[in-house]
Amino acid sequence: MHSSATRVVLTLVSIFSVTVFAMEGSVIMDYNTRLVRTKQCIIFACSEHDLYFNVLALMAANQFVQPVHMNSSYDLVSILTRENYARTSVIVDTTCEGAPKLLKEASANRYFNKTYQWLLWGVEANITDLLPIDLDYVGPNAQLTYVNKTSDAYLLWDVHSKGRHLKSPLELHLIAKLSTELHKLVVINEIFDLQSIKYRSQFNGLTLRGASVIDQEDILTNQQIEAILSRPTKDAGVAAFIKYHYELLSLLRDLFNFTVNFRNSRGWAGRLGNTTFRLGLLGIIKRNEADIAASGAFNRINRFAEFDTIHQSWKFETAFLFRFTPDLDTRGKSGNFLAPFSRQVWLFTVATLIGINSIWLLLDYLSKRWHSQAMQCIEERIFNIRIRRNLSAHQAITNSHSNWTERILHTFGAVCQQGMEPIPRDMPSRSIVLTVFLFSVVMYNYYTSSVVGGLLSSSDLGPATVDEITNSPLKVSFEDIGYYKVLFKESSNPTVTRLISKKLSASRGPNEMGVYGHIEDAIPYLKRGGFAFHCEVVDAYPIIAELFDANEICDLREVSGLMEVEIMNWIVHKNSQYTELFKTAMCKAREVGLVERLLRQRQMKKPECQSLYTVYPVTISGVSSAFLTLLSGVLIALFALCLEIASVKWQMRRWNRFFRPTRVHKGIAIQDQA
């Protein structure tokens, strides 16, 4: 029911309307306030009376109105902007001369969408004349209402098409009738139901334009593309997400009853020289040469302005796959007997043992010095013999020399838990021995358990980053698919540059796999070891689960980081007439579990390791430090031998110099007696 002010305005409109096909104010009022329930109205008309009286009526109904005279100059782009209300109606008097130009411009700028409710006043005009075939942006997302007149009523029709660019006919459904005498609106169908997916999901076998990416030679026909994409197994040159999005497209095809005529592209992206002309699949979609694609696209900031996203579910994840062997232990933990302790711990342990030896030797020195002084006093008092005193001093020096070497050996034996013989008798030495044994028990138990645990555990073995892969002895190959070639050609990442220079630039032998290959060809190299293959992991898991045994699966390692892990976008052309329709359908498919079912089928999990543990043999690099220690000990022993020989010779010379005068004196004495 209209207010009293609105009735007055409508009465004035009916009195002062003088044009033959003047727009009926009650129709416009009921359309805005009762059918579409908008808050803003833009009126395009060529009659000043229509503009004046309809504006007054709508403003009286609390509508924000913007009148535009079609015979004057105006800019449609500056009128239909983001500043409009979320629900805005656009009224067009199609009897005006400028109406065809206005509708053509609206179609070119894709304004027949879910943002605006269009009312075409087409009394005594044919709808096919108002919306000819060259107005190609009249699709399933159009919100167009066409008004014509019979002898006793105005009829409001919902108008849309499944794709005028595909020569699809216009479809009309009656919305409501407005009696010319009683001005009573009778709603036949709710307008929002007619504009929803419920009434616009039947495409009646319409053929949409499709595109996909198959990196193979001579793939030209739709039959070839359908045959490859419909196979559940892996095909060369076809990414896993291509077949996944093809199955999503099949869901839409079954739901909306349309067919697809595919065209193939060898790659996803690229530009022609230094221009902005896009190549590959993205170029096809941007130029609106395809309505839907059986492929996903990576997230890039500059693509949001060029494409619409209708779905996101596929997690794109690539990695280097290789079988671990002990020679790939980049962290030096496999069999390395120095690994349980860090360098700081080893140095601190050696310093501690040196300190203990020094304290022990100091205690021995103080004890022997006290005993030596006491014995010397006793001998001087009783015997007073110089030779005996010299012999005692020489014996004390020899005992002192033997004591410090024995103390070092005792400490080393205690640390190695080999016991100690003879056991010291004095209390200070026994206290030190007890401390050394307690220290060795704690350190030795932790050391041995760490060594055994490191040999039995293999969870953190092997290269873990792309740079470690680059520096490892692994041979590297990649799946023969387009995005790797684009990556190596366009990327300026230092990691990629080092990988290319060290791993991909060298020539390959006849028994080695090339830089690019297929997963099936890489399996024997992966089983053999010493080889890494980079691909989308979900493509490799089924083959690995089938051909690898339990131990080989446990040895399998993954290293990601060369390409980003991201959720891929399923895209269509920007402001496509199918965006809202397909997006709504995919939301429902996700809610009912169809998307989750396809993901479980396509994204196979990594095969689980069934072995409890794997013991890897100790390599020469792991025990090299032990052999170096042994060699160092031999060299130290030879050096000690040389020092002992030199020391003995020096002592013998000194001894000879000391006793030679006495022997001469005795000889002289003997001769004198004779």
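The values are calculated or read from the model by the stated rules, or taken from the named source; none is laboratory data. Just so it is clear, the model here is predicted, and its values are computed rather than measured. In this analysis, Cβ positions are derived from the backbone assuming ideal geometry, glycine residues included, and neighbour counts consider all displayed protein chains.
Select, from Ile214, Ile225, the only residue that is touching a helix residue (DSSP H, G or I) at 6+ places or on another chain (Cβ under 7 Å), surrounded by 15 or more Cβ atoms within 10 Å (Cβ to Cβ), on the phi < 0 side of the Ramachandran plot and aliphatic (A, V, I, L, M).
None of the others qualify; the one that does is Ile214.
Being over 27 Å from the mean Cα position of the chain (by Cα), part of a loop (DSSP other than H, G, I, E, B) and either at pLDDT 95 or above or under 25 Å from Leu166 (Cβ atoms) (or both) is the requirement here; does Leu220 meet it?
Yes.
Restrict the check to the stretch 147-156 and report whether at least one residue is out of contact with any Leu (no Cβ under 7 Å at 6 or more places or on another chain) and among the β-branched types (Val, Ile, Thr).
Among the residues of the stretch 147-156, at least one is out of contact with any Leu (no Cβ under 7 Å at 6 or more places or on another chain) and among the β-branched types (Val, Ile, Thr), which makes the answer yes.
Which members of the stretch 235-247 meet the condition of being under 22 Å from the mean Cα position of the chain (by Cα) and closer than 18 Å to Leu599 by Cα?
Once the filter is applied, which keeps residues that are under 22 Å from the mean Cα position of the chain (by Cα) and closer than 18 Å to Leu599 by Cα, the stretch 235-247 yields Val238, Ala239, Ala240, Phe241, Ile242, Lys243, Tyr244, His245.
Within the stretch 580-606, work out how many residues are over 22 Å from the mean Cα position of the chain (by Cα) and of a type outside the set (Ser, Thr, Tyr).
15
Give the residue that is nearest to the chain's Cα centre (by Cα), with candidates limited to residues of the stretch 150-180 that are polar (S, T, N, Q) and assigned to a strand (DSSP E or B).
In this case the residue turns out to be Ser161.
Residues are listed down the side, and each one gets a yes or a no for (1) assigned to a helix (DSSP H, G or I); (2) at pLDDT 85 or above; (3) more than 14 Å from Trp570 (Cα to Cα):
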residue	(1), (2), (3)
Lys234	no, yes, yes
Phe241	yes, yes, no
Ser250	yes, yes, no
Arg253	yes, yes, yes
Thr259	no, yes, yes
Thr276	no, no, yes
Ile285	yes, yes, no
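Consider His183 carefully, then state whether it is part of a strand (DSSP E or B) and not assigned by TED's automatic domain parsing to the domain that holds Leu249.
The answer is no for His183.
This table checks each residue for (1) over 26 Å from Ile301 (Cβ atoms); (2) modelled with pLDDT under 90; (3) out of contact with any helix residue (DSSP H, G or I) (no Cβ under 6 Å at 6 or more places or on another chain); (4) in a loop (DSSP other than H, G, I, E, B).
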{"site": "Tyr541", "(1), (2), (3), (4)": "yes, no, yes, no"}
{"site": "Asn551", "(1), (2), (3), (4)": "yes, yes, yes, no"}
{"site": "Cys554", "(1), (2), (3), (4)": "yes, yes, yes, no"}
{"site": "Gly561", "(1), (2), (3), (4)": "no, yes, no, yes"}
{"site": "Glu564", "(1), (2), (3), (4)": "no, yes, yes, yes"}
{"site": "Ile567", "(1), (2), (3), (4)": "no, no, yes, no"}
{"site": "Cys587", "(1), (2), (3), (4)": "no, no, yes, no"}
{"site": "Arg597", "(1), (2), (3), (4)": "yes, no, yes, no"}
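Which pairs have Cβ atoms under 6 Å, sit 6 or more apart or on different chains, and link a residue in the stretch 531-546 that is more than 19 Å from Ile500 (Cα to Cα) and touching a residue at least 24 places away in the same chain (Cβ under 8 Å) to one that is outside any strand (DSSP E or B) and of a type in the set (Lys, Arg)?
Pairs found: Asp539/Lys234; Tyr541/Lys606.
Hey, Val92 hits all of (1) among the β-branched types (Val, Ile, Thr); (2) within 49 Å of the chain's Cα centre (by Cα); (3) buried (at least 19 other Cβ atoms within 10 Å of the Cβ) but one; which does it fall short on?
If we test Val92 against (1) among the β-branched types (Val, Ile, Thr); (2) within 49 Å of the chain's Cα centre (by Cα); (3) buried (at least 19 other Cβ atoms within 10 Å of the Cβ), just (2) comes out false.
Among the residues of the stretch 181-201, which ones are of a type in the set (S, T, N, Q) and surrounded by fewer than 15 Cβ atoms within 10 Å (Cβ to Cβ)?
Within the stretch 181-201, Asn189, Ser196 meet the criteria.
From the list Ser295, Ser313, which residue is outside any strand (DSSP E or B) and crowded, with 16+ Cβ neighbours inside 10 Å?
Step by step, each of Ser295, Ser313 is checked, and only Ser295 is outside any strand (DSSP E or B) and crowded, with 16+ Cβ neighbours inside 10 Å.
Working only within the stretch 220-248, note down all residues that are within 19 Å of Phe478 (Cα to Cα) and of a type in the set (Gly, Ala, Ser).
Across the stretch 220-248, the qualifying residues are Ala236, Gly237, Ala239, Ala240.
Rundown of residues vs (1) touching a residue at least 40 places away in the same chain (Cβ under 8 Å); (2) farther than 18 Å from Phe44 by Cβ; (3) outside any loop (DSSP other than H, G, I, E, B), yes/no style:
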| residue | (1), (2), (3) |
| --- | --- |
| Ser107 | no, no, yes |
| Tyr111 | no, no, no |
| Trp118 | no, no, yes |
| Ala125 | no, no, no |
| Asp129 | no, no, yes |
| Asp134 | no, yes, no |
| Ala142 | yes, no, no |
| Tyr146 | no, no, yes |
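Is there a residue being touching a Gly at 6+ places or on another chain (Cβ under 9 Å), β-branched (Val, Ile, Thr), under 25 Å from Leu249 (Cβ atoms) and crowded, with 17+ Cβ neighbours inside 10 Å anywhere in the stretch 544-567?
No, that holds for no residue.
For residues that are in contact (Cβ under 8 Å) with a residue 60 or more places away in the chain and crowded, with 18+ Cβ neighbours inside 10 Å, scanning just the stretch 259-269, find the one that is nearest to Val537 (Cα to Cα).
Trp268
Given Thr88, Thr38, which one is under 30 Å from His573 (Cβ atoms) and in contact with a helix residue (DSSP H, G or I) (Cβ under 6 Å, 6 or more places away or on another chain)?
Thr38 is the lone residue from the list that is under 30 Å from His573 (Cβ atoms) and in contact with a helix residue (DSSP H, G or I) (Cβ under 6 Å, 6 or more places away or on another chain).
One residue is enough: does the stretch 124-136 have a residue meeting the conditions farther than 26 Å from Asp30 by Cβ, at pLDDT below 90, surrounded by 17 or more Cβ atoms within 10 Å (Cβ to Cβ) and not hydroxyl-bearing (Ser, Thr, Tyr)?
yes
Filter the stretch 293-308 for residues that are in contact (Cβ under 8 Å) with a residue 12 or more places away in the chain and polar (S, T, N, Q) and give the result.
Listed by number, the residues that qualify are Ser295, Asn299.
Show me the helices (runs of 4 or more DSSP H) entirely contained within the stretch 407-495 in which 2 or more residues are surrounded by fewer than 16 Cβ atoms within 10 Å (Cβ to Cβ) and modelled with pLDDT under 75.
Where helices (runs of 4 or more DSSP H) fall fully within the stretch 407-495 and carry at least 2 residues being surrounded by fewer than 16 Cβ atoms within 10 Å (Cβ to Cβ) and modelled with pLDDT under 75, they are 427-456.
Inside the stretch 64-92, can you point out the residues that are at pLDDT below 90 and more than 22 Å from Arg110 (Cα to Cα)?
Asn71, Ser72
Could you give me the residue pairs with C-beta distances under 7 Å whose first residue belongs to the stretch 27-51 and is over 14 Å from Thr88 (Cβ atoms), whose second residue is surrounded by fewer than 20 Cβ atoms within 10 Å (Cβ to Cβ) and among the polar types (S, T, N, Q) wherever it lies, and which are 6+ apart or on separate chains?
Pairs that qualify, where the first residue is over 14 Å from Thr88 (Cβ atoms) and the partner is surrounded by fewer than 20 Cβ atoms within 10 Å (Cβ to Cβ) and among the polar types (S, T, N, Q), are Cys46/Asn71; Ser47/Thr19; His49/Ser17; His49/Thr19.
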